[in-house]
1. Using each residue's phi in segment C:535-541, evaluate 6.51 cos²θ - 1.76 cosθ + 1.60 at θ = phi - 60° and report the 3J(HN,Hα) Karplus result to the nearest Hz, with x for Gly and Pro.
2. If ligands, DNA and RNA are left out, what is the accessible area of B:Tyr126 with a 1.4 Å probe, given in Å² to the nearest 10?
3. May I have the convex hull volume per residue, in Å³, for the Cα set of the protein assembly as shown?
4. Starting from the Cα of C:Glu461, step 7 Å toward the Cβ, then list every residue of segment B:151-184 with an amide N under 15 Å from that point.
5. Report the relative contact order of chain B, percent, no decimals, based on alpha-carbon pairs under 8 angstrom and at least 6 residues apart.
6. Over chain C, what is the relative contact order in whole percent, taking alpha-carbon pairs under 8 Å and six or more residues apart?
7. How big, in percent, is the set of alpha carbon pairs in segment C:1-46 lying more than 11 Å apart?
8. With axes computed from alpha carbons, what is the tilt in degrees of helix B:19-45 against the longest principal axis of chain B, rounded to the nearest 10 within 0 to 90?
Amino acid sequence: MADKEERVPVMQQVLDNPFLLLFLGITIPTVLYVLWGVMEIANIPVAH
Amino acid sequence: MSAILPPSERIWWNQPIDKLEFTWIAIALVWSLAMFVMMIWWHIYGNQNLANETYKTTKEMYAAKAQAVVDQYTVRTGTEAEKQFPIVKPPAGSDIYMIGRLWDWWPIYELEQGKTYKLHLSAMDYMHGFSLQPQNINIQVHPNYDHVIKITPNQAGVYSIVCNEYCGIGHHTMVGRMYVTKGGE
Amino acid sequence: MTTTYRICPRSGLQFDKDAEKLMRWHAVAGVLALLLGGIMALGVILTRWPAVKLLEADVFYMWLTAHGINMLIFWIIFFEMAVLLFASSTLLRCRMATPKLGWVSFWLMAIGAIMTNVAIFSGESSVMFTSYVPMQAKWHFYLGIILFAVGALITCFIFLGTLVVAKAEKTYEGSIPLVTFGALTACIIAIFTIASGAVILIPTFLWSLGYIREIDSLMYRTVWWALGHSSQQINVSAHVAIWYAIAAIVFGAKPMSEKVSRTAYFLYILFLQLASAHHLLSDPGLGSEWKVVNTSYFMYFAVLASMIHGMTVPGAIEQAQRLKGYNKGLFEWLRKAPWGNPAFSAMFLSLIGFGFLGGISGVMMGAEQLNMLIHNTIYVPGHFHATVVIGTTLAFMGLTYFLVPVLFKRELLFPGYAKMFPYLFGLSMYMVALVMMGAGTLGVSRRHWDMAFAGAPMAYEWPGAAYLMMGLTGIFGVIACVSAGLWILQIVFSLLFGKKLEEGETRSTPIPLTLPAPTPGGAAHPPATPGTMVLALIFLTAFILYYFVNWKYLSSLWGMA
């Protein structure tokens with residue numbers, strides 16, 4: 001057994017947590033791509 | 001001991017990174033950032049940036065604007081091969097409206113080399129693809145959106161506008177034309 | 001309900017028998033979609049070959065629609081679901097979560113795939129893979145894709161559930177294997193992909209039934225590409241995982257650094273999906289800030305990740321080979337690699353082709369301004385045949401050679417063809433991708449029945465070189481189609497008539513994974529990898545040159561602002 005005394009580094013804990021990764025992997029593209037993109041389109045001015 | 005087994009060290013995050021591997025990561029990072037900066041740099045110093053000026057419009061409104069330009073500046077009628085489309089020669093700096101519809105680009109514009117025009121693009125039915133040949137400038141054309149692009153032709157000649165967004169069975173017959181002349185100077 | 005496990009005597013892998021059966025069915029369904037898509041490919045390529053021009057326009061567009069959907073969605077996602085099941089229950093040596101639900105998911109996918117194909121082949125749904133509004137397909141075209149997506153989504157959650165099971169039942173120690181981590185990346189991207197697909201396709205389905213009056217074309221394109229492009233990013237994650245897996249299986253290669261490889265995957269999870277913007281760079285209405293941030297995967301961090309994988313996979317192989325004593329010069333490790341083993345040769349051709357052809361072209365066309373040079377030209381299919389066919393499909397095909405004895409328990413028939421196949425198919429696809437990109441650089445349109453514009457009053461005449469390249473596309477495309485067809489026959493014949501192999505021990509409790517003790521000292525100093533570094537620098541040089549050549553070309557065009 002590996003010794004349990006050494007703490008697991010934070011980044012390793014992040015990478016070992018599939019649900020945190022899932023959250024990040026959905027949120028970032030949803031905000032940067034989908035929501036931002038949809039807002040850009042919604043804000044296109046109307047021609048006269 | 002391998003990629004299909006769990007890491008053999010409980011704490012792998014602190015393992016040292018191979019020197020060559022690290023070098024490559026550094027090089028790749030620099031190149032990635034350079035490519036990122038390149039796009040921004042071209043926005044400032046480059047001459048070919050696709051404008052984002054766009055308006056929501058309707059097909060009727062857009063068609064009426066195009067018709068008005070055609071009515072005002074038509075210089076002659078095209079040959080039979082040109083479907084007898086109006087050939088329109090607006091002054092430099094004008095707004096010129098190009099209509100993409102099943103299955104042609106209407107009308108035919110005659111522009112002057114070195115002059116700047118405000119080219120408007122919109123579609124009347126499905127989406128179309130504005131593909132200017134042999135320049136090879138390709139822009140997506142949507143219905144109900146009026147996309148305004150300032151263009152400055154840099155070479156005289158006869159240009160074709162191929163439709164390169166699939167728009168139904170007659171898609172391959174959708175080819176328009178544009179003339180660029182040397183101008184008076 | 002009890003779970004039974006089988007220990008494969010050939011690989012030592014342990015299969016949950018429910019999961020194993022599901023993997024087999026998914027793989028077979030995928031190959032059937034590949035077969036249909038392949039027949040369509042032959043029709044498409046023989047029509048775009050100007051001297052042949054096989055199909056009528058309406059049939060061509062119908063076949064092209066079927067080709068795109070069967071290849072890009074059905075073949076690849078069916079196979080990926082098998083990969084997810086393998087990477088979870090098999091590699092973690094645990095039982096699969098909710099096997100019954102697994103079958104619900106499989107049949108949803110199968111019914112969806114059939115329904116969409118029925119819609120396409122009964123006509124009036126030749127709307128291409130992208131089904132851009134306002135062009136409308138029949139309602140069951142959209143419904144089929146929706147059902148397929150829901151099925152795939154369920155399998156993604158079964159994958160996550162299986163990770164939870166393995167952790168709770170302690171079938172492994174520490175972190176999940178790197179390959180499983182890659183599969184997790186694919187799964188996360190798949191969930192984003194499918195959710196975006198639902199957001200846009202459900203309204204489109206209702207629109208086709210008449211419940212919604214209009215769908216905005218720009219909105220559709222923007223959200224649809226979160227499905228259309230991200231679905232191909234699932235492939236990237238999955239086939240990179242397969243590269244690592246094949247390196248591990250064939251060479252016993254250990255990742256150069258768990259930290260580096262996992263961080264690279266982490267960058268995929270965060271940023272890879274943003275590249276959906278590649279398709280909207282020449283569209284109106286979306287601001288340059290949005291375009292630049294998204295198209296560059298947020299400062300090219302996902303490209304960085306791919307460049308890292310592209311080095312660490314061959315690097316791991318080089319280390320493993322050098323440890324075996326292939327130490328002479330820069331490249332003995334590579335010369336002495338098992339080039340006759342189709343799993344390896346397919347994987348290596350996949351890696352090189354994906355990087356040099358797919359990667360470089362993808363980044364070039366993903367630069368905001370450069371995109372205008374190739375938007376909607378046949379350059380685009382040239383690029384994604386390098387990524388999806390050479391990168392993903394070839395890797396999957398190579399893996400299948402490994403799976404025939406291990407998963408299907410049959411001896412492979414015609415092993416001579418297997419040796420040859422990766423070269424025959426892989427290299428002809430290299431040529432297809434290259435000549436398509438060549439024709440696209442000259443402006444030739446994609447999704448276009450006739451480059452001679454028959455019947456057009458103001459026809460444009462492409463340069464002769466464009467015709468030459470489209471002819472070459474035809475020739476190499478036919479070679480690729482035929483060799484892939486023979487591959488399908490080889491696999492199907494092997495599954496049906498190959499010698500049955502020993503089943504191996506079956507038992508009702510899983511054998512937990514025991515790891516060898518960490519190697520003290522020795523593992524800390526694995527051999528250096530100068531050969532891989534040289535390959536990487538050659539790649540970088542090609543990349544930089546090609547990138548700037550295109551900026552030079554762009555600068556010669558009409559001024560635009």
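The values are calculated or read from the model by the stated rules, or taken from the named source; none is laboratory data. From a predicted model like this one, the values you see are computed outputs, not experimental measurements. Methodologically, a virtual Cβ is constructed for each residue, glycine included, from the backbone with ideal geometry; neighbour enumeration extends over all protein chains shown. What goes into the accessible areas is simple: the full protein's heavy atoms, side chains included, and nothing from ligands, DNA or RNA. Shrake-Rupley method; radii C 1.70, N 1.55, O 1.52, S 1.80 Å.
1. Per residue, the Karplus-derived 3J(HN,Hα) values read 4, 5, 6, 4, 4, 4, 4 Hz.
2. Solvent-accessible area, nearest 10 Å²: 70 Å².
3. Dividing the Cα hull volume of the protein assembly as shown by its residues yields 154 Å³.
4. Label zone hits: B:158-160.
5. 19
6. So the answer I get is 18 percent.
7. 72
8. With rounding to tens, the tilt is 20 degrees.
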